[in-house]
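**Student:** Questions regarding the structure given below will be posed in turn.
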Amino acid sequence: MPVNIKEIFNKVGLEASAGIKWRNPIPTSENGVYVVSLSSSALKNNGTLETCEISKAVFNKWESLSPDLNINGERSKQLVETELNRYWKKNENILYIGESSFESNGLGKRVNQFYQHEVGWKGPHTGGYWIKLLSQLENLFIYHAPCKNQRDTEFKMLMYFIEQTTVNSLYELDELGKHLPFANLKADFQKNHN
């Protein structure tokens, strides 16, 4: 069942901000949680896409920075795209759930680090880097909410996402990681990928 932005924030007792277009600043220095979405509306599951498409320019830059980049010993944009599409959720608008929990690194600064991050580099924001490969990057929206206990709140949001988007209970899922939002690679457990 698709999850909308309002629902996932409300589930943890928070109210989502209005959607902020990718690359625009988040106007707060408070810590909290944020969601990267295809949807321009917190109330709707819109903007969904059948498949993810990788930017050729970003992939070429990644390939030049990472000489060991390969999938099962082979390297090509098509192979990477095929691998990423294994985790793409075509009926979902939520691509990533993140948090900021350091006193000197509030939501505004953390999301800006995401904007600045380049695939292939170790920082400043390696979490969710799959998003940076997408050709639809400029069509994304950020929703956020200040909160306490940011890591616990992020984890609860991730678990709620998994519960709502799978037909089995969490206890029946064989590999929890593959049910995370597209660009979340870990949450106290790993997404197994090539």
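**Student:** For the range 81-116, which positions are part of a loop (DSSP other than H, G, I, E, B), open to solvent by less than 20 Å² (accessible area, probe 1.4 Å) and closer than 15 Å to Val36 by Cα?
**Tutor:** Glu92, Asn93, listed by residue number.
**Student:** Would you point out the residue of the range 8-25, among those that are touching a strand residue (DSSP E or B) at 6+ places or on another chain (Cβ under 6 Å) and hydrophobic (A, V, I, L, M, F, W, C), that is surrounded by the fewest Cβ atoms within 10 Å (Cβ to Cβ)?
**Tutor:** Ile20
**Student:** Restricting attention to the range 139-148, does a residue exist that is out of contact with any Ser or Thr (no Cβ under 6 Å at 6 or more places or on another chain), part of a helix (DSSP H, G or I), in contact (Cβ under 8 Å) with a residue 24 or more places away in the chain and open to solvent by less than 20 Å² (accessible area, probe 1.4 Å)?
**Tutor:** no
**Student:** Go through the residues of the range 34-42 one by one and say whether even a single one is part of a strand (DSSP E or B), out of contact with any Asp or Glu (no Cβ under 7 Å at 6 or more places or on another chain), hydrophobic (A, V, I, L, M, F, W, C) and within 23 Å of Val167 (Cα to Cα).
**Tutor:** There is at least one residue in the range 34-42 that is part of a strand (DSSP E or B), out of contact with any Asp or Glu (no Cβ under 7 Å at 6 or more places or on another chain), hydrophobic (A, V, I, L, M, F, W, C) and within 23 Å of Val167 (Cα to Cα).
**Student:** Continuing with the same structure: All but one of (1) within 14 Å of the chain's Cα centre (by Cα); (2) at pLDDT below 95 hold for Asn105; which doesn't?
**Tutor:** With respect to (1) within 14 Å of the chain's Cα centre (by Cα); (2) at pLDDT below 95, Asn105 is out only on (1).
**Student:** If you don't mind, there's one more thing I want to ask. From Leu133, Leu107, Leu95, Leu140, which residue is over 21 Å from Asn46 (Cβ atoms), among the aliphatic types (A, V, I, L, M) and in contact with a Leu (Cβ under 9 Å, 6 or more places away or on another chain)?
**Tutor:** Exactly one residue qualifies, and that residue is Leu133.
**Student:** What are the residues in the range 52-72 that are closer than 13 Å to Ser135 by Cβ and in contact with a Leu (Cβ under 8 Å, 6 or more places away or on another chain), if any?
**Tutor:** The answer is Cys52, Glu53, Ile54, Ser55, Val58, Phe59.
**Student:** Also: Can you name the residue in the range 27-46 that is of a type in the set (A, V, I, L, M) and within 10 Å of Tyr143 (Cβ to Cβ) and is also most open to solvent (accessible area, probe 1.4 Å) among such residues?
**Tutor:** In this case the residue turns out to be Ala42.
The values are calculated or read from the model by the stated rules, or taken from the named source; none is laboratory data. This one's a predicted model, so the numbers in the text were calculated from it and none came from an experiment. Note that each Cβ is placed from the backbone with ideal geometry, even for glycine, and that neighbours are counted across all protein chains shown. When the accessible area is computed, the model is the full protein with side chains, heavy atoms only, and any ligands, DNA or RNA have been set aside. Shrake-Rupley method; radii C 1.70, N 1.55, O 1.52, S 1.80 Å.
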